[in-house]
Amino acid sequence: MSPCNGIKRKIEIAFPESTTITSQELYDSAENSYPNGSPWTVESFQTDLETPLAGYGLALKEEEIIGFIGYRHFLGEAEITNFGVRKEYQQQGIATDLLFACLAYLKEQGMRQLFLEVRSSNQAARRLYQKIGLVEVDVRKNYYHNPVEDAIVMQYMEQVEE
């Protein structure tokens, strides 16, 4: 675990090898992170937790999950599947710290390319993703529901030194 930067907050970022988190804990955190509640069900989180190629990074405060980032990684390619920070901890740099930590963790695991989808209206997230080097590469029409909205597909490519 590594501490997040910050003067008053004591946040830990962890990428546990064998996770003790439950699908209900992830769902509750997601439910509190999004304006319209969790776009994922308890069952979809459970499926992720049971998938060998999937994992979660966690932002923890006093052992409580305050943020999460889900990913799948296979043969050098990764996808961020879900990502959220509880509303009361948003706008404090925790999402940035969690995303940078996830990128570093996946690079250590051999990731060379990363993809994610983001709502076209989510300008704050798009700016964050661009800040760490992702670029917009495609649009998936009507990808999201509640409300229906396009997804912007973003990509990160690890720079290979010659």
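The values are calculated or read from the model by the stated rules, or taken from the named source; none is laboratory data. Given the structure is predicted, the values throughout are model-derived calculations rather than measurements. Please note: Cβ atoms are built from the backbone with ideal geometry, for glycine as well, and neighbour counts cover all protein chains shown. Accessible surface is based on the protein model in full, side chains and every heavy atom, while ligands, DNA and RNA are left aside. Shrake-Rupley method; radii C 1.70, N 1.55, O 1.52, S 1.80 Å.
Residue ranges 123-131, 142-150 sort as 123-131, 142-150 when ordered by packing (mean number of other C-beta atoms within 10 Å per residue, highest first).
Of the options (i) 34, 21, 14; (ii) 60, 15, 11; (iii) 21, 20, 17, only one is semi-axes √(5λ) of the Cα gyration tensor in Å as computed from these coordinates, and that is (iii).
A full extension of the chain between residue 28 and residue 50 corresponds to an added length of 6.1 nm, given 0.36 nm per residue minus the alpha carbon distance. For the stretch 14-119, applying the loop criterion from DSSP together with a ceiling of 12 other beta carbons within 10 Å to the GluC sites (Glu not before Pro) yields 17, 62, 63. For a paramagnetic label modelled on residue 113 (point 7 Å from Cα along Cα→Cβ), amide N atoms under 15 Å away belong, within the stretch 40-75, to 73-75. For the chain, the dipole from Cβ point charges (+1 on Lys and Arg, -1 on Asp and Glu) about the Cα centre works out to 600 debye, to the nearest 20.
Computed over protein heavy atoms with a 1.4 Å probe, the accessible surface of the chain works out to 59 Å² per residue. A straight chain from residue 132 to residue 157 at 0.36 nm per residue would run longer than the Cα-Cα distance by 7.9 nm. Taking each residue as 0.36 nm, the span from residue 140 to residue 41 lengthens on full extension beyond its C-alpha to C-alpha distance by 33.5 nm.
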